[in-house]
Each structure stands twice: as C-alpha cells, then as structure tokens.
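Read the structure below first, then the notes.
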Amino acid sequence: MRTDRASEIIRLLGQTSIPSSENISALSLNRTDCTQVVVPEEVFFTIAAVGILENLLVLIAVIRNKNLHLPMYFFICSLAVSDMLGSLYKTLENILIILCKMGYLKPRGDFETKMDDVIDSMFILSLLGSIFSLLTIAADRYITIFYALRYHNIMTLKRALIILAAIWTFCAGSGIAIAIFSHETAVVISFTILFPLMLIFILCLYIHMFLLARSHAKKIASLPTSTVHQRTNTKGAITLTIFLGVFLFCWAPFVLHILLMQFCPHNPYCACYMSIFQVNGTLILCNAVIDPMVYAFRSPELWSTFKKMFCCTRSNWK
C-alpha cells in the first residue's frame, strides 16, 4: 500500500491491525508516552455489520411503503446509503489487512494498491455523501418550515431525485479525484475544509430558521391545520438537530486527527491524541448504527413500516 503521508492520512482509519512498524500511529507513539488504544477487530466487524443491516432495513422500508415515497425520506435514504458505505469501507479495509497479515496479500503489490484506492474512494464518498445529505435535509426542513403552503410545489419528487443524482455524481467524482491526487497537501486540506464549511452553512440556516420561526408561526396560526403542520415541522427540525449532533460527535474526532497529522505530526500533544485513532474509527461506525435508530423513533410512519415488516417475517416463519 502507498507510503506517502497524505495517502496514509486518508486511509488512516483502516489501519487497525498492521504491525507497529508499518502503522502510521507508531510514528506518533515514538514521540509521546501515551499508550495506543487498540480496539479488537471483532468489535469493528460487529458494529459494521449492525450498521449495514440497520441502514439496509431503512432502504427496504422506504421502498416497500408508498406512503414514504416523499422527498424527505429519499434524502434520509441518501444518508443511509452514506452510512452503509462507511461501514462497508471499514469492513473491506479490515479484511484486506487480515489477509495481508496472513500472507495471502502482499503489503505493496499492484492489486493491493488498486484496492487501497477503491477503499479510499469509498471512505471519501461516505463522508461527502453524509455531509451533502445533511445539507439537503437541512434545506428541505427550511423549505418545509418557511414555505409550508408551497412545499409540495417547490420540492417535488422529480426535483428531489435530480438533486440526489447531482450530489452523488459530484461525490463520486470527488472521491475518485481525491484518492488519485491524495499525495497533494492542498487536496487533503481542501478535503478537511468541507467539514467546517458544512457546519457554518447549517449553523447559519439554523439561526435564520429560529429567528423567523415566531413570525412565520403567527402568519399560519389562523389556518385549521396550522397546529399539525407546526408540530410536524418542529419535529423535523429536532430530528435534523439530532442527526447533526450525532454526525459531529462521530466524525469530528477523525477530521481533527487528519488536521493534526497535517500540521503538527511531531508535536507530543498531537501525537498523544493520534494514539486513539482506532477509537475515532469506531465512532464513525457507530454513526451508521445510531442514525437508523433516530429514523425509527422520530418517524411514526417508518416505525410502523418496520413493525409490519417484522410481523410479516414472523408469520412467514410460522
């Protein structure tokens, strides 16, 4: 696999089982007294498998229930696909590392290098897909709250599909480009800048939403269905807040890891933080497990679909 440092940074999350002489974190451990935190491979595989199954259930539920064929749920499916890619990335990475340790693969063979590029692209695709899916959900919630009466004219199913197609085309192209040119420091920095930019955009959107929420509520208060609409919109905003909070909690430590590796790899304090990169990898996998739980508990329609799916399965077994 590639040895240049920028490339190692991008695939750092997968380095959980490589011997210490080849592990990038070993360079950091030489400059700090902090002990490297090791997470067993069984834990990674278990969390990844659970995340894949949960998000797959979300996709199946939306496909089967025609009442869920709405732009909002399509955007949620986009986030579920991103979570699945993150789990698949980690699973494939660990499998390759195990095969390499067992001697079935060469550490720096042509096949291994190509697979490394594919896995890097999957990881970048997962992160970018999550960022833009959250941005899309935030924009959808904004339109729902402030343009409730025209929402179905503004956000049609066709437009939602076009938006998703454009997002995933851009993410796929960016993933391939970043994986190919990952040796360039500017590419790594640009990649990490996307994270705070997303936060700033959503934060501005939130501030605008809450500043105008009261005046908008008064304008629609006279409508018979205003109470129902307002409760639904408020619930959607709270759900988005939960998504954003989970995303930050699970992804921010790894993004910080990338920045520290880029700007202060020799600093003992930075090296001490980098000794927990396996924990950061576990947090990313946990994101794929938590999001479907949020879908289920925050959406009665989706929860009802889950129950019907499991009931049908049990009846078929009987």
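Examine segment 116-133 for a residue that is acidic (Asp, Glu), modelled with pLDDT under 80, surrounded by 14 or more Cβ atoms within 10 Å (Cβ to Cβ) and in contact with a helix residue (DSSP H, G or I) (Cβ under 7 Å, 6 or more places away or on another chain), and state whether such a residue exists.
Step one: list which residues in segment 116-133 are acidic (Asp, Glu), which gives 116-117, 120.
Next cut, modelled with pLDDT under 80 only: 116-117, 120.
With the extra rule that they be surrounded by 14 or more Cβ atoms within 10 Å (Cβ to Cβ), the set shrinks to 116-117, 120.
Filter once more, keeping what is in contact with a helix residue (DSSP H, G or I) (Cβ under 7 Å, 6 or more places away or on another chain): 117, 120.
Yes, the conditions are met somewhere in segment 116-133.
Are any residues in segment 152-162 more than 14 Å from Tyr73 (Cβ to Cβ) and in contact with a helix residue (DSSP H, G or I) (Cβ under 6 Å, 6 or more places away or on another chain), and if so, which ones?
Matches in segment 152-162: Ile154 only.
On the basis of being at negative phi and part of a helix (DSSP H, G or I), does Leu128 make the cut?
On the way: at negative phi: yes; part of a helix (DSSP H, G or I): yes.
Taking the combined requirement at face value, the residue satisfies it.
With (1) surrounded by fewer than 13 Cβ atoms within 10 Å (Cβ to Cβ); (2) farther than 25 Å from Ser121 by Cα; (3) at pLDDT 80 or above as the list, and Ala166 as the residue in question, which single condition is left unmet?
(2) is the only condition that Ala166 fails.
Restricting the search to segment 66-88, which residues are more than 16 Å from the chain's Cα centre (by Cα) and in a helix (DSSP H, G or I)? I'd like the intermediate steps shown before the answer.
Step one: of segment 66-88, the residues more than 16 Å from the chain's Cα centre (by Cα) are 66-73.
Lys66, Asn67, Leu68, Pro71, Met72, Tyr73 - these are the residues of segment 66-88 that are more than 16 Å from the chain's Cα centre (by Cα) and in a helix (DSSP H, G or I).
Starting from residues that are open to solvent by less than 40 Å² (accessible area, probe 1.4 Å) and without any contact (Cβ under 8 Å) to a residue 24 or more places away in the chain, keep the ones in segment 134-163 and report whichever is farthest from Leu244 (Cα to Cα).
Among residues in segment 134-163 that are open to solvent by less than 40 Å² (accessible area, probe 1.4 Å) and without any contact (Cβ under 8 Å) to a residue 24 or more places away in the chain, the one farthest from Leu244 (Cα to Cα) is Tyr151.
The values are calculated or read from the model by the stated rules, or taken from the named source; none is laboratory data. Predicted model only: the values in this text are computed from it and were never measured. Methodologically, a virtual Cβ is constructed for each residue, glycine included, from the backbone with ideal geometry; neighbour enumeration extends over all protein chains shown. Keep in mind that these areas ignore ligands, DNA and RNA; they rest on the heavy atoms of the full protein, side chains included. Shrake-Rupley method; radii C 1.70, N 1.55, O 1.52, S 1.80 Å.
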